[in-house]
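**Student:** I'd like to ask some things about the structure below.
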Amino acid sequence: MADYFGTDTVVSELREDGLLVIRINRPDVANALNGETSAAMENIMNHAEADKAVRAIVVTGTGKVFCAGEDLGELSAGGECQTVTEHGFGGLTARLCSKPVICAMNGSAAGGGLEIALSCDMVVASERAKMGFTEVGLGIIASTGGLVRMARDVNRKDCMELLLTGRRIKADQAKALGMINYVVPPEEVLDKAIELAEECLKNAPLALKWTKYVVHAADQMSEEDAMRYSDAAYRFLEKTEDGIEGPKAFVEKRDPVWVGR
């Protein structure tokens, strides 16, 4: 793998097949993000978004913790957050990336760390991981996507219980609530996330992009408008080079060759 705009605190490597692996690398502070680290993640994601060589992304952490959220030791003198970039915490929580993003939650996640995980399209968690939105105990809220995504993805009573108590739950409980996709042994977390990414890599880049766009837009529209949007996306895709290549390869019983156009 080749380095991809990585830094000391964010290791980032791109494989030849287009899989980008981003690893938060501050294990001495449980991978909590300071301003420098969050900005580095923003920079990596900005390049990845514009780079056709990047086709899927896995986000993970070094050591036994995924991410403890914000490094509270680096708040400004007035208490202001120093880690929210143009696209949210860690450059991820306020970003609708056009490419599949998978979280390999190698360990526990709290606050902003869990917000990063839930902003990903899929989450694979270690069976040892615990997670929770602990902000209310600090006098703040999970403002960079945590409250919004929990409200949309988890039933109201369970959502309110977790958010108002600040309780941390185990990975299997989070799976039951629909917060994550898979719970696996710690040593299998990254492999499982990469396996999911490799399944995505088999598919057409534009189809993946527009699938994400439609899904994210659908719950903000009426069913009728969402159906129109989905149909418009299909009409666009069927005329692209990949939209023509896919059915042709199927008929010819061969693997398609995607060009992202």
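**Student:** Give the residue that is nearest to PRO100 (Cα to Cα), with candidates limited to residues of the stretch 215-235 that are without any contact (Cβ under 8 Å) to a residue 40 or more places away in the chain and open to solvent by 80 Å² or more (accessible area, probe 1.4 Å).
**Tutor:** The extreme case among them is VAL215.
**Student:** Just give me the residues in the stretch 142-160 being within 15 Å of ALA68 (Cα to Cα) and in a loop (DSSP other than H, G, I, E, B), in sequence order.
**Tutor:** Within the stretch 142-160, ALA142, THR144 meet the criteria.
**Student:** Tell me, please, whether a residue that is in contact with a Cys (Cβ under 9 Å, 6 or more places away or on another chain) and open to solvent by 20 Å² or more (accessible area, probe 1.4 Å) can be found in the stretch 163-176.
**Tutor:** No, there is no match, as no residue in the stretch 163-176 is in contact with a Cys (Cβ under 9 Å, 6 or more places away or on another chain) and open to solvent by 20 Å² or more (accessible area, probe 1.4 Å).
**Student:** Further question on the same structure: Examine the stretch 183-199 for a residue that is among the hydrophobic types (A, V, I, L, M, F, W, C), assigned by the TED database to the domain that holds ALA117 and more than 17 Å from CYS103 (Cβ to Cβ), and state whether such a residue exists.
**Tutor:** no
**Student:** Could you name every one of the helices (runs of 4 or more DSSP H) located completely within the stretch 203-261 that has at least 2 residues being more than 19 Å from ASP17 (Cα to Cα) and of a type in the set (Ser, Thr, Tyr)?
**Tutor:** 205-218, 223-237
**Student:** Keeping to the stretch 172-185, report how many residues are among the hydrophobic types (A, V, I, L, M, F, W, C), part of a helix (DSSP H, G or I) and within 17 Å of the chain's Cα centre (by Cα).
**Tutor:** Residues in the stretch 172-185 being among the hydrophobic types (A, V, I, L, M, F, W, C), part of a helix (DSSP H, G or I) and within 17 Å of the chain's Cα centre (by Cα): 1 in total.
**Student:** I'd like the full set of residues that are open to solvent by 40 Å² or more (accessible area, probe 1.4 Å) and under 15 Å from the mean Cα position of the chain (by Cα), limited to the stretch 193-214.
**Tutor:** LYS209, TYR213
**Student:** Here's another thing I want to ask about it. For the stretch 113-146, which positions are farther than 16 Å from GLN173 by Cβ, surrounded by fewer than 20 Cβ atoms within 10 Å (Cβ to Cβ) and free of Cβ contacts under 8 Å to residues at least 60 places away in the same chain?
**Tutor:** Correct list: VAL136, GLY137, GLY139, ILE140, ILE141, SER143.
**Student:** Does SER12 meet the test of being modelled with pLDDT of 95 or more, among the hydroxyl-bearing types (Ser, Thr, Tyr), within 17 Å of the chain's Cα centre (by Cα) and over 19 Å from LEU190 (Cα atoms)?
**Tutor:** Against the criterion (modelled with pLDDT of 95 or more, among the hydroxyl-bearing types (Ser, Thr, Tyr), within 17 Å of the chain's Cα centre (by Cα) and over 19 Å from LEU190 (Cα atoms)), SER12 does not qualify.
The values are calculated or read from the model by the stated rules, or taken from the named source; none is laboratory data. The model shown is predicted, which means the values in this text are computed figures rather than measured ones. Note that we place each Cβ from the backbone using ideal geometry, even for glycine, and neighbour counts take in every protein chain shown. We work out accessible area using only protein heavy atoms, side chains counted, and drop any ligands, DNA or RNA first. Shrake-Rupley method; radii C 1.70, N 1.55, O 1.52, S 1.80 Å.
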